[in-house]
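Engineer: This is the structure, below, for whatever I ask next.
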Amino acid sequence: MAYRYTTFTPILTAWPSILLISAIGLFLGVALSFVHPLEYSSTVRILITQELGTIDAYTASLSVERISSDLADVVYTTSFYKKVLEAPYDINTAYFDENETDRRKQWDKMVTTSVSRSSGLLTIRAYHTDVKEAEKIANSVAYVLINEGWTYTSGSNIKVQLVDEALNSRWPVRPNIPVNALSGFVLGLICGVGYVLIQVERTKRRHQLIHE
């Protein structure tokens, strides 16, 4: 019991300093969130199915999952990106960088894809500072996959259909301000406790040197 008292008493005594450092960490976490532009998201979901005749359900499920994963990867390619911009959704192309390398990096960050295992469901999420532009991009990606997705896969009898229309976020989702604020607070808390323990250890050593 004495060990626990000796260990935690300095921390409890110095709680105002620890709280101050934690608050500074929280502030920095929020402030750094605004270094990058705030972005909204728009999410659509499409379903990939495949007609395979009398093949067993497990094999059919694996085949659809593989095709879905292939299409999810294709979304990040240059040829697909160009088709998205050409889709009939009037995307603001001026938003994209002129340099090809920077534009590719921008596209990689602008769109994310995820596959629901064994279901053939492909989720597409687009990010943009303008929620309407995010919706246009998400719809354009779905449009290209539905109409030309079969050209990007070796599977036959592929059917791609929209199952969830674009769902837009009401508030900016990137950067994630609450998560950044919490991370900053926790990091500040750890630094505060660490600082107090270091100071306690220095004080102990000083006393030891004096008594020696």
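Engineer: Given the conditions (1) assigned to a strand (DSSP E or B); (2) at pLDDT 90 or above; (3) not β-branched (Val, Ile, Thr), which single one is not true for residue 140?
Structural biologist: The single condition residue 140 does not satisfy is (1).
Engineer: What is the one condition in (1) under 32 Å from the mean Cα position of the chain (by Cα); (2) loosely packed, with under 15 Cβ neighbours inside 10 Å; (3) within 29 Å of residue 75 (Cβ to Cβ) that residue 194 does not satisfy?
Structural biologist: (3)
Engineer: May I pose another question? Just checking, does the range 149-159 include any residue being assigned to a helix (DSSP H, G or I) and not hydroxyl-bearing (Ser, Thr, Tyr)?
Structural biologist: Yes: one or more hits.
Engineer: Can you name every residue in the range 1-35 that is of a type outside the set (A, V, I, L, M), surrounded by fewer than 10 Cβ atoms within 10 Å (Cβ to Cβ) and modelled with pLDDT of 70 or more?
Structural biologist: Hit for the range 1-35 is 16, nothing else.
Engineer: Can you tell me how many residues within the range 78-122 are of a type in the set (S, T, N, Q) and in a helix (DSSP H, G or I)?
Structural biologist: Here the count works out to 5.
Engineer: Given (1) at pLDDT 85 or above; (2) assigned by TED's automatic domain parsing to the domain that holds residue 81, identify the lone condition not met by residue 187.
Structural biologist: (2)
Engineer: Got at least one residue in the range 47-61 being in contact with a Phe, Trp or Tyr (Cβ under 8 Å, 6 or more places away or on another chain), buried (at least 16 other Cβ atoms within 10 Å of the Cβ) and not hydroxyl-bearing (Ser, Thr, Tyr)?
Structural biologist: Looking through the range 47-61, none of the residues is in contact with a Phe, Trp or Tyr (Cβ under 8 Å, 6 or more places away or on another chain), buried (at least 16 other Cβ atoms within 10 Å of the Cβ) and not hydroxyl-bearing (Ser, Thr, Tyr).
Engineer: Okay, next question. Could you tell me which numbered condition residue 71 fails, if it satisfies all but one of (1) in contact (Cβ under 8 Å) with a residue 24 or more places away in the chain; (2) loosely packed, with under 13 Cβ neighbours inside 10 Å; (3) out of contact with any Ser or Thr (no Cβ under 6 Å at 6 or more places or on another chain)?
Structural biologist: Of (1) in contact (Cβ under 8 Å) with a residue 24 or more places away in the chain; (2) loosely packed, with under 13 Cβ neighbours inside 10 Å; (3) out of contact with any Ser or Thr (no Cβ under 6 Å at 6 or more places or on another chain), only one is false for residue 71: (2).
Engineer: Please state which one of 40, 58 is aromatic (Phe, Trp, Tyr) and either modelled with pLDDT under 90 or farther than 17 Å from residue 109 by Cα (or both).
Structural biologist: 58
Engineer: What is the one condition in (1) in contact with a Phe, Trp or Tyr (Cβ under 7 Å, 6 or more places away or on another chain); (2) modelled with pLDDT of 90 or more; (3) over 23 Å from residue 31 (Cβ atoms) that residue 169 does not satisfy?
Structural biologist: (3)
Engineer: Would you be able to say whether some residue in the range 90-100 is assigned by TED's automatic domain parsing to the domain that holds residue 148, crowded, with 16+ Cβ neighbours inside 10 Å, touching a residue at least 40 places away in the same chain (Cβ under 8 Å) and not polar (S, T, N, Q)?
Structural biologist: yes
The values are calculated or read from the model by the stated rules, or taken from the named source; none is laboratory data. Not measured: the values here are computed from a predicted model. Ideal geometry is used to build each Cβ from the backbone, glycine not excepted, and the neighbour counts take in all protein chains shown.
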